[in-house]
Amino acid sequence: MKNARVGTYLAGIVFAIPFLFPFYLLLRNSLMTQQELGGLDWVWWPSDISFQGFKDAFDNTSVPLGRALMNSTIVAVVSAPVSTLLAAMAGYALARIKVAAAKPVFALIIVTMMVPGAATFVPTFVVVGSMGGVNTLWGLIVPGLFNAFAVLLFRGFYLRFPQEIEDAGRVDGLGHLGVFARLALPNSGGLLAALGVLSFIEHWNAFLWPLVIGQDPAFWTVQVAMSTNLTSQSINLPALFASAVVSVIPLALVFLLAQRYIVRGVMMTGIKG
């Protein structure tokens, strides 16, 4: 039994190496100089560790990396719980509230998943721009709050939710909102955590929409600010990799803290692949 456990851990380490290699490259490159990064010889670790890339990334006045990190944090922290809660409410309504429009609305939501994002990008920008959403935080946040895939998962989860629990709540005088808030939602914590973390990662890594809607550097997100280190006029590779390291740290922390809930959510919903 002990040998089997050791073998399992060794196999896990071996399979983890390819996934951890990109993170090693990010850290190594962020600690190298521009000359070392441009050299032809491969080195596993810089001979002289340099933090100049981090200094350049934060000292560049034309690229407010600190402000960009704050903007990304606000967008992700607000969008993740709000979009997940809205999806839970929509999923519960479609699964449990018996109205004639439930099936057509659900079919319409499924159809939206088949429409490419590129087809709705320009119309969305026109609508948000006409409402004054350019160079605003709400313009960065609101268009990404609807998640059809999350609605689909929550609907499937609440269809399998025990009817007896809801009946007990209605005996106590709860309506649809009370049953959802007091019974259904607390019992879907694993799914909430899993989709919340995925939503956080999605909004943190968003690039194209923040690039278009945040035209003022004061409203850049970290992904947009990071891309400015790679232009046709100049390439600051250490600063680029240093910015990437800084941008990855929050994602790694969120994933490490919530990984058990992600696994629980996957087991609850039966997600595969």
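The values are calculated or read from the model by the stated rules, or taken from the named source; none is laboratory data. This is a predicted model, so every value here is computed, not measured. Here Cβ is always computed from backbone atoms with ideal geometry, including for glycine, and neighbour counts include all displayed protein chains. Heavy atoms of the whole protein, side chains included, go into the accessibility calculation; ligands, DNA and RNA do not. Shrake-Rupley method; radii C 1.70, N 1.55, O 1.52, S 1.80 Å.
Can you tell me the dipole magnitude for the chain around its Cα centre, using point charges on the Cβ only (Lys, Arg +1; Asp, Glu -1), in Debye to the nearest 20?
1000
Evaluate the charge dipole of the range 109-196 about its Cα centre and quote only its size in Debye, nearest 20, assuming +1 on the Cβ of each Lys and Arg and -1 on the Cβ of each Asp and Glu.
So the dipole magnitude of the range 109-196 works out to roughly 180 debye.
Counting only residues 5 or more places away or on other chains, whose amide H sits under 5 Å from the amide H of ILE235 once H atoms are built in the peptide plane?
none
Taking the Cβ-Cβ separation of MET113 and HIS176 as r and a Förster radius of 25 Å, what is the calculated FRET efficiency to the nearest 0.05?
Computed FRET efficiency for MET113 and HIS176: 0.45.
With θ set to phi - 60°, apply the Karplus curve 6.51 cos²θ - 1.76 cosθ + 1.60 along the range 249-257 and write out the HN-Hα couplings as whole Hz, x wherever there is a Gly or Pro.
4, x, 5, 5, 5, 4, 5, 5, 6
Suppose R0 equals 35 Å; then what is the FRET efficiency for LEU10 and VAL82 from their Cβ-Cβ distance, rounded to the nearest 0.05?
For R0 = 35 Å, the calculated efficiency reads 0.25.
Using a 1.4 Å probe and counting only protein heavy atoms, arrange TYR24, TYR261 so the residue with the most accessible area comes first.
In descending accessible area the options line up as TYR261, TYR24.
Within the chain, what's the longest stretch lacking trypsin sites (Lys or Arg not before Pro) that sit in DSSP loops with no more than 14 other Cβ atoms inside 10 Å?
Result for the longest clean stretch: 161-271.
Using alpha carbon coordinates only, what is the Rg to Rh ratio of the range 1-139, with Rh defined as the Kirkwood radius?
Using only Cα positions, Rg/Rh for the range 1-139 is 1.15.
Output needed for the range 170-228: three equivalent-ellipsoid semi-axes, defined as square roots of 5 times the C-alpha gyration tensor eigenvalues, in descending order, whole Å.
Taking √(5λ) for each Cα gyration eigenvalue gives 40, 13, 6 Å.
Kindly express, to the nearest 10 degrees and within the range 0 to 90, the angle between helix 148-159's C-alpha long axis and the longest C-alpha principal axis of the chain.
Here the helix axis deviates by roughly 40 degrees.
Name the residue from HIS203, ASN187, TRP45 whose Cα lies farthest towards the positive end of the charge dipole of the chain, charges +1 on Cβ of Lys and Arg and -1 on Cβ of Asp and Glu.
ASN187
All other residues with a Cβ under 14 Å from the Cβ of LEU177 taken together, and with Lys, Arg as +1 and Asp, Glu as -1, what is their net charge?
Taking every Cβ under 14 Å from that of LEU177, the sum is +1.
What is the helix-to-structure angle for 117-130, meaning the angle in degrees between its Cα long axis and the longest Cα principal axis of the chain, kept from 0 to 90 and rounded to the nearest 10?
Here the helix axis deviates by roughly 90 degrees.
Over what distance in Å are the Cα centres of the range 207-259 and the range 101-153 separated?
24
Keeping every protein chain in place, order TRP44, TRP204 by accessible area at 1.4 Å, biggest value first, i.e. largest first.
From most exposed to least exposed: TRP44, TRP204.
At 222 nm, what helix-only mean residue ellipticity would the chain give, in deg cm²/dmol to the nearest 500, using -39500 (n - 2.57) for each DSSP H run of four or more?
-22500 deg cm²/dmol
Hey, with R₀ at 51 Å, roughly what FRET efficiency would SER47 and THR73 work out to, going by the Cβ-Cβ distance, to 0.05?
0.90
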